[in-house]
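Single-structure report; data block below.
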Amino acid sequence: MYLTREEERILNGECGWANQTCMKILVRLGDLFDAQKLIPIDSAHVSGVSYKTLGDAPIEFLKALADCGGRVKVKTTLNPQSLDPKYLVKKLPENLVKKQLSILEQFDKMGLAQSLTCTPYYLSKVKSDSHLAWAESSAVVYANSILGARTNREGGPSALAAGIVGKTPNYGIHHPENRKPEAVVKVEARLRDETDFGALGIHLGKLLHDKIPVIENLQRPSVNKLKQLSAALATTGMTNMFHCGKCPKKQELEKITVQDSDLRRTVEELTTSQAKKPDLVFLGCPHCSLNEMKQIASLVQEKKVAPETEFWVCTSSHVKNIGEEYARDIEKSGGHVLTGVCTVVSWTEKLGIRTIVTNSAKTVYYAPSLCKAEAVLAPMKDCVKTALRG
Ligand code: F3S
């Protein structure tokens, strides 16, 4: 990979160990994928923030980077952590809270925005055609497909390295020729709500592997439904983007047809619980938008959540602040608007949560392995009904 003189200096350690280490990560990655050079990025987004999934070993590495002067050069946001600062922080064991806070402290020293969200695109406008280095798979698919930005699916370390260097290797989806459709998906199934979009993503992710599809007949989807599709597609496959609309050159591409029966079977396979009374009703995977907060607030208005049911709505502190009135209505009903936390990488099992009802296909997919919980997929309005009924 060609490096500028400045990049060579960083690689040779003239700008300190932290910058050198990050440059080594990027050069190794670039060489692996035959990138010709590094390109400047508008922003980076780092995953691997939760102590539950990160464990102890990487904390030392983060501390070393922070102590040796590692500082981000471009806006670098963080994925959600394992707890929120108001509700779960009081319920979880002190040693876990301490470890989690020490991780955040290292990121803080390095100048990462304590955004703690998997929907960084709600924090500020992402420019079309801008180059990014994002590591949250659901946000990667959303950024490439809906926002027209360009990001490979980074790992946590490579996204952090890109944030510190301010650049990423120029390969993969950064090149326009690698963004062309490689398969045509004809949706013949009726897409009734966001859970059908999630089921579609889970189904297609398995069939497409890393191929980019053009998906026909998405039936005027809202951005919130496309967010569910993006998250689910990235859950079961390595696809980093999709196109919506008509494909001009069908004959050369693999064809996939999706019927109602494919979606129903996917939902059946995802459903692991028959429990009538879940321990937790959860909305906000990926983190809620302002519009979703508004919808939830209107569904719970003047009503009360059943006493033994936990009802969590997860979002970023940014969205909670701008949607303060909606958050207030949700909390008045007995729900909890949790900020900066991902339920899937929190310690739900330590809170006695064994069954989860949610509108997120991604959460339902991961709940048995990561949360040791059974799960049911249901649209937002049914989730809220369940929370109110208990
Ligand atoms: Fe976000 Fe966690 Fe879902 S990071 S996309 S809430 S699994």
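The values are calculated or read from the model by the stated rules, or taken from the named source; none is laboratory data. The structure presented is a predicted model; accordingly, all values stated were derived computationally and were not measured. Cβ sites come from the backbone with ideal geometry, for glycine too, and all protein chains shown count toward neighbours.
How do the strands (runs of 3 or more DSSP E) wholly within the stretch 299-390 filter down when requiring 3 or more residues that are farther than 24 Å from residue 97 by Cα and at pLDDT 95 or above: which remain?
In the stretch 299-390, the matching strands (runs of 3 or more DSSP E) lie at 374-377.
In the stretch 328-345, what count of residues is obtained for those that are buried (at least 24 other Cβ atoms within 10 Å of the Cβ) and within 20 Å of residue 308 (Cα to Cα)?
5
Can we say residue 205 is among the small types (Gly, Ala, Ser) and more than 18 Å from residue 380 (Cβ to Cβ)? Talk me through it step by step, then tell me what you get.
On the way: among the small types (Gly, Ala, Ser): yes; more than 18 Å from residue 380 (Cβ to Cβ): yes.
Against the criterion (among the small types (Gly, Ala, Ser) and more than 18 Å from residue 380 (Cβ to Cβ)), residue 205 qualifies.
Closer than 18 Å to residue 83 by Cα and in contact with a strand residue (DSSP E or B) (Cβ under 9 Å, 6 or more places away or on another chain): does that describe residue 337?
Criteria met by residue 337.
Quick one: is residue 97 free of Cβ contacts under 8 Å to residues at least 12 places away in the same chain, under 24 Å from residue 339 (Cα atoms) and either within 16 Å of the ligand (Cβ to nearest atom) or of a type in the set (Val, Ile, Thr) (or both)? Before the answer, list the steps.
Details: free of Cβ contacts under 8 Å to residues at least 12 places away in the same chain: no; under 24 Å from residue 339 (Cα atoms): yes; either within 16 Å of the ligand (Cβ to nearest atom) or of a type in the set (Val, Ile, Thr) (or both): yes.
No.
Of the residues that sit in the stretch 110-143 and are more than 16 Å from the ligand (Cβ to nearest atom) and under 21 Å from residue 293 (Cα atoms), which one is surrounded by the fewest Cβ atoms within 10 Å (Cβ to Cβ)?
Across the stretch 110-143, the extreme among qualifying residues is 125.
Every residue, every condition in (1) within 14 Å of the ligand (Cβ to nearest atom); (2) assigned by TED's automatic domain parsing to the domain that holds residue 199; (3) of a type in the set (Ser, Thr, Tyr), yes or no:
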site: 286; (1), (2), (3): yes, no, no
site: 291; (1), (2), (3): no, no, no
site: 295; (1), (2), (3): no, no, no
site: 311; (1), (2), (3): no, no, no
site: 314; (1), (2), (3): yes, no, no
site: 338; (1), (2), (3): yes, no, no
site: 366; (1), (2), (3): yes, no, yes
site: 382; (1), (2), (3): no, no, no
site: 385; (1), (2), (3): no, no, no
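Among the residues of the stretch 102-123, what is the count of those that are in a loop (DSSP other than H, G, I, E, B) and within 20 Å of residue 158 (Cα to Cα)? Can you show your working first?
Kept after step one, since they are in a loop (DSSP other than H, G, I, E, B), are these residues of the stretch 102-123: 110-112, 114-119, 123.
Going one step further and asking which of them are within 20 Å of residue 158 (Cα to Cα), we end up with 110-112, 114-119.
Adding up the residues that qualify gives 9.
If the Cβ limit is 6 Å and pairs must be 6+ apart or interchain, which residue in the stretch 273-296 that is of a type outside the set (A, V, I, L, M, F, W, C) pairs with which residue that is within 16 Å of the ligand (Cβ to nearest atom) and assigned to a loop (DSSP other than H, G, I, E, B)?
So the pair list comes out as 279/353; 286/118; 286/119; 287/117; 287/118; 287/119; 287/316.
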